[in-house]
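Enquirer: Encoded as structure tokens, here's the structure I'll be asking about.
Readers should treat all values here as calculations from the given coordinates under stated rules, not as data from a laboratory. None of these values were measured; they are calculated from a predicted model. When we count neighbours, we look across all protein chains shown, and the Cβ atoms used for this are built from the backbone with ideal geometry, even at glycine.
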């Protein structure tokens, strides 16, 4: 039977510590934990799927608060002292659980809010009506959740936040269940911080971390956001890129004009924008904005060694993505450890069946700038704006007046959104080494990444909590469609992720 027990009973088992001594997670203990997880696969999956039925689009406060209250109940059932703070703006769920003779305190972070949804693009399902398939979207058949019997690793759950981030949250809690059922005591006190505003930019997170700093003191911070490496091996990352976004609009005439009557005479903003964007990067993908790489901090010898050990996946990905070339001759991981400029969207006039013979009045590009450690996002934005000026544009920060458009040959509106810097933890730190050794003892191959390609607000935790020992422990499959339609979770990754958290909770102290 699954180890969901009343709070008092659960708390007593862990607090008394009399049933099992502290230990280094070894082969025998790892086996019994795995067996416990496998016995309870159906019940664990049911708990996840119930959580996934709750709409959680970031910014919808009523739904987010319902998710927070549901999460509070899940945590309190495990004896975790839980509170929801800032319920009127951005509910943050904070939980604490302590263990006798603990060697350290770990803070675990994930988010329970999700990206917006377009139900019309979900195949055979809706975003908040999770379904089970016996494989990928292209190959799998829809299944009923079995009341008993076997659940296979290649089965997948399809729902919003199935991977990003509700399954890691459930995995963290299920790991406690497995340890309780097998009579094993964690070697670390645990603090859980679950955010409900990450997908909206974490605007209130810095303030909340500052306000509750005394409740969140820990020896290390563990972040569960993101997928495992492309090879699907267990993965640990020690940094993440920062990000800031730009909206760039180039102007033409005051209104759309007939291309026959005015084309070749009235400047075309779509063409001007295309030329401007082309001036920002060369064919090898190198950004041509002056100073873009000036503050780049070299990788350490340990990080260089880790990059050399990452399996090569470039040929496999090129085939999967149906591309005949890449930007330059770098490996994927080398590219991820550089700052980047990405055009994430373009808009001007109409296309396809709606196309019309006009000179459009304006053209807009949406750009994201990824930054690596030591590069200031705000400074990077300034460099891009200066580059735009050097191409002959008069740059404004709000919608230009008609007088400005008449007076200036070329006008560009540039606005930027709130962003955050990158962070990298020293891979040689003793706790990092201990975690990698513990995971390798359980799983064998483990991929260690100096930097995750995506952006996670690690630096906010460093700045507000004064702790720069931040480690990423992702568990979900890399082909999970996060942020898109048909988001999914491969169950083999999910159950292995529960094991990973059990290893984390029971890894030996530094003095052991």
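Enquirer: How big is segment 250-338 along each principal axis, measuring the range of its Cα positions in Å and listing the largest first?
Expert: 62, 34, 18
Enquirer: A follow-up question, please. So what is the relative contact order for the chain, in percent, with contacts set as C-alpha pairs under 8 Å and at least six apart?
Expert: Averaging sequence separation for qualifying contacts and normalising by length gives 25 percent for the chain.
Enquirer: Give the relative contact order (percent, whole number) for segment 126-170; include only Cα pairs under 8 Å separated by 6+ residues.
Expert: 43 percent
Enquirer: Another question, if that's okay. On a full-extension model of 0.36 nm per residue, what is the gain between residue 284 and residue 89, subtracting their alpha-carbon distance, rounded to one decimal in nm?
Expert: Here the segment from residue 284 to residue 89 would lengthen by 65.8 nm.
Enquirer: Per DSSP H run of n ≥ 4, the term is -39500 (n - 2.57); total these for the chain, divide by its residue number, and report the mean residue ellipticity at 222 nm rounded to 500 deg cm²/dmol.
Expert: My calculation for the chain gives -10000 deg cm²/dmol from helical runs alone.
Enquirer: What nm value, rounded to one decimal, do you get for the distance between residue 255 and residue 207 when each label is placed 7 Å out toward the C-beta?
Expert: Using points 7 Å along Cα→Cβ, the separation is 4.4 nm.
Enquirer: Related question: Roughly what would the spin-label model give for residue 316 and residue 152, points 7 Å off Cα along C-beta, in nm?
Expert: Going by the 7 Å Cα→Cβ label model, 2.1 nm.
Enquirer: When ranked by the protection proxy of mean other Cβ atoms within 10 Å per residue, highest first, what sequence do the peptides 344-352, 263-271, 421-429, 467-475 form?
Expert: 467-475, 421-429, 263-271, 344-352
Enquirer: Right, next: Take peptides 241-250, 140-149 and line them up by average Cβ neighbours within 10 Å, highest first, as a rough protection proxy.
Expert: Listed from highest to lowest mean packing, they are 241-250, 140-149.
Enquirer: Under 8 Å for C-alpha pairs, at least 6 residues apart: give me the relative contact order for segment 278-397, rounded to a whole percent.
Expert: Relative contact order, segment 278-397: 28 percent.
Enquirer: With both bridge residues required to lie in the chain, what share of the DSSP beta bridges run antiparallel, to the nearest 5%?
Expert: Bridges in the chain that DSSP calls antiparallel: roughly 65 percent.
Enquirer: Which of these values of Cα extents along the principal axes in Å was calculated from the structure shown: (1) 96, 64, 41; (2) 85, 49, 48; (3) 77, 52, 47?
Expert: (2)
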